[in-house]
Amino acid sequence: MGAQLRLLRRRIKSVKSTAKITRAQELIASSRIVKAQQRMQAAVPYEREITRAVTGVVSNSSSVDHPLTVAKENPRRAGVLIVTSDRGFCGGFNANILREAEALAGLLRGRGVEPVPYVVGRKGITWHSFRGREMGGQWGGFSDNPSYADAKEIANTLITAFSAEDGIDEIHVVSTEFVSMLTQEVAVKRVLPLEVVETTEKPETPLPYFEFEPTAGDVLDSLLPRYVESRIFSTLLQSAASEHAARRRAMKSATDNANELIRVFTMQMNQARQAEITQEISEIVGGANALADAAAGKE
Amino acid sequence: MVSPEREIWSGDADMVIAKTVDGEIGIMPQHAPVLGVLVEGGVLTVKRGGGEPDLVAAVHGGFLSVADNEVSILAEVAELGSEVDVARAKNALDRAQASVEADQENADAAAEAKRARARLRAAGEEVG
């Protein structure tokens with residue numbers, strides 16, 4: 001067997017095993033998207049109810065003066081929550097987010113505000129630590145299946161930093177929104193100070209006048225952090241679903257590529273084999289002719 | 001009744017009894033709109049008409065909002081009485097009480113004991 005033939009056989013074997021891996025990853029990701037979407041759906045009722053409650057409180061007490069809703073004068077430092085994934089193999093998912101985060105950081109610096117990154121997901125954490133950037137906080141290990149407790153922990157850290165005297169003055173979130181199976185978009189949102197403008201159209205009936213147990217202030221005190229938690233939780237869930245969708249797409253194109261490579265290599269291998277056979281035949285024929293010529297010369 | 005991770009239960013009710021930080025509150029049809037903060041480790045009772053048994057749930061923190069004859073319970077963590085694993089809750093209670101006795105300042109353990117008690121009460125067990 002010729003050297004070229006052996007080389008091609010080896011490459012086909014290795015590409016085939018790669019294709020097997022990427023295909024398996026693709027199937028895993030597709031089954032997890034469904035689960036992630038279901039979790040997104042399951043979280044919707046809570047989000048809707050808490051938004052309604054917040055809107056209710058705010059529309060009742062016209063002067064909402066809560067530390068979490070008031071923009072600070074002369075903001076100096078801004079927290080940026082960057083939601084990335086724990087694992088790679090998902091195409092441009094993390095690169096897109098980090099690029100958007102960098103753009104936001106540039107924008108903030110232009111306003112004279114120092115950005116402080118808070119990073120979710122191991123990929124983002126290594127990206128920042130590799131560049132020697134200091135992070136306000138980092139969480140990893142749950143990006144593909146976040147629980148409410150994770151969201152709560154993140155929200156607590158952010159709110160604590162926001163309420164502290166020399167902490168951060170505003171909080172932005174850079175994450176991927178799950179639009180559909182095929183489209184995911186990187187979105188930048190401001191979470192704190194809260195803007196409580198939820199519905200633009202007027203509700204059909206005026207919102208009822210609420211009584212509060214114990215008082216409006218106390219309700220708001222515990223309601224707003226929950227609201228932030230729920231917003232962050234929904235961000236994490238969307239990011240998880242997007243991560244799976246991105247991984248599925250990346251793995252699908254990797255599998256397609258591998259199959260294309262296998263096709264090309266197989267063709268080249270067949271050509272090489274045929275060339276080898278042809279050469280062998282012409283060598284035999286040539287050899288036989290030479291022998292025959294030599295025998296004829298002797299006589 | 002919803003928690004962040006899922007919708008726990010929804011349906012018609014004659015009366016809803018919950019425990020807010022101000023005390024027990026019972027809500028019947030035509031109740032005025034209310035927004036209340038629920039206590040950690042409370043028990044929520046939904047009385048249903050038509051001879052159906054009461055729905056009991058352990059609710060740990062969250063809110064109660066009443067508007068337009070609709071009661072929404074936004075619980076941080078909630079568990080229906082029928083879903084409670086009694087043996088596990090008892091275990092958790094024993095463990096938490098032991099740590100409270102060992103260290104009176106242990107707020108985590110005290111909260112854990114409260115939650116375990118609420119779960120047992122929701123499951124219809126007697127707890128001291």
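Derivation of every value follows stated rules applied to the coordinates shown; laboratory data play no part. The shown structure was predicted, so the numbers you read here are calculated from the model rather than taken from an experiment. Note: ideal-geometry Cβ built from the backbone for every residue, glycine included; neighbour counts use all protein chains shown.
Observations
- Check: the stretch B:2-81 dipole with +1 on Lys, Arg Cβ and -1 on Asp, Glu Cβ, in debye: 100 debye
- Scaled against the 2.2 N^0.38 Å expected of a compact globular protein of N residues, the Cα radius of gyration of the stretch B:2-81 reads 0.99.
- Amide H contacts of B:Val77 (H built 1.01 Å from N, in plane; Pro and chain starts excluded): B:His60 sit under 5 Å, all sequence-distant by 5 or more or on other chains.
- Spin-label pair B:Asp68-B:Ser99: with each label point 7 Å from Cα along the Cα-Cβ axis, the two points sit 4.4 nm from one another.
- Two-site label geometry, A:Thr157 and A:Gln4: point separation in nm, points 7 Å out along Cα→Cβ: 5.8 nm
- 3J(HN,Hα) from dihedral phi, the stretch A:76-87, Karplus parametrisation 6.51/-1.76/1.60, rounded to Hz, x for glycine, proline: 10, 10, 10, x, 10, 8, 10, 9, 10, 9, 7, 10
- Interchain or long-range residues, amide H under 5 Å from A:Thr69's placed H: A:Leu194
- Amide H contacts for A:Val80 (H built 1.01 Å from N in the peptide plane; partners 5 or more residues away or on another chain; cut-off under 5 Å): A:Val116, A:Tyr118, A:His172.
- Vicinal HN-Hα couplings computed from phi for the stretch B:54-67 (Karplus, 6.51 cos²θ - 1.76 cosθ + 1.60; Hz; Gly/Pro x): 5, 9, 10, 9, 8, 10, 10, x, x, 9, 10, 10, 10, 7
- Inter-label distance for A:Val188 and A:Asp221, nm, one decimal - labels placed 7 Å from Cα along Cα-to-Cβ: 3.6 nm
- Rounded to the nearest 5, the antiparallel percentage of DSSP beta bridges internal to chain A is 35%.
- Highest-fluctuation residue, A:Ala36, A:Ala275, A:Ala216 considered, GNM on chain A with Cα pairs under 10 Å: A:Ala275
- For the stretch A:16-32, 3J(HN,Hα) per residue [Karplus equation, 6.51 cos²θ - 1.76 cosθ + 1.60, θ = phi - 60°, Hz, x = Gly/Pro]: 4, 6, 5, 4, 4, 5, 5, 5, 4, 4, 4, 5, 4, 4, 5, 6, 7
- Projected area averaged over orientations for the protein assembly as shown, convex hull of C-alpha atoms, nm²: 35.1 nm²
- Between the C-alpha center of the stretch A:61-113 and that of the stretch B:6-39 there is a gap of 37 Å.
- Flagged links, alpha-carbon separation over 32 Å, of A:Lys123/A:Lys152; A:Lys189/B:Lys19; A:Lys72/B:Lys19; A:Lys152/B:Lys114: A:Lys189/B:Lys19; A:Lys72/B:Lys19
- Between A:Lys16 and A:Arg77, residue separation times 0.36 nm minus the direct Cα-Cα distance comes to 16.8 nm.
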